[in-house]
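Asks: Pasting a structure here, questions to come.
Every read-out reported here was derived from the displayed coordinates using simple, explicitly stated rules and does not represent laboratory data. These figures come from a predicted structure and were not determined experimentally.
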Amino acid sequence: MKGDEKVAHPAPESSWTRPDAYVGAMARKRSYRKAREDQPRTQPVAPQAWLSTVPFIAILAVLAVLAVAIILVSFPGNQPKPKPAQVTPHEQGVASRGWFQKAQKEMHR
């Protein structure tokens, strides 16, 4: 029980799980945002092409070049022609007498 003695229990009136504490925190957060909302910015933010537009266009250009390169490389005219398949001649085979009966016996084992 020594471990329980070291742990401090929170006071029940300062519990953050109570609804009024939660609503109060939300109201303080909203009032803080409203107070900061009225202050104008000291320096207006201007869009900078080097940080937004140029990298986007560069990535699109690289992807377009890659797409064209892949299309050109994979075009069927650049591939080697497949060799014609060689047809093996049909050979007439000869089986010894009783091969089918031997196969049936082995299959039923």
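Asks: May I ask you to compute the full-extension gain from GLN104 to GLN43, defined as 0.36 nm times their residue separation minus their alpha-carbon distance, rounded to one decimal in nm? Intermediate results must be reported in sequence, preceding the final value.
Replies: Values: separation 61, 0.36 × 61 = 21.96 nm, distance 9.44 nm.
Computed gain between GLN104 and GLN43 is 12.5 nm.
Asks: Now for a different question. Using θ = phi - 60° and the Karplus form 6.51 cos²θ - 1.76 cosθ + 1.60, what ³J(HN,Hα) does each residue of the stretch 94-109 get, whole Hz, x for Gly and Pro?
Replies: The phi angles translate into 10, 10, 6, 5, x, 5, 5, 5, 5, 5, 5, 5, 5, 6, 7, 6 Hz.
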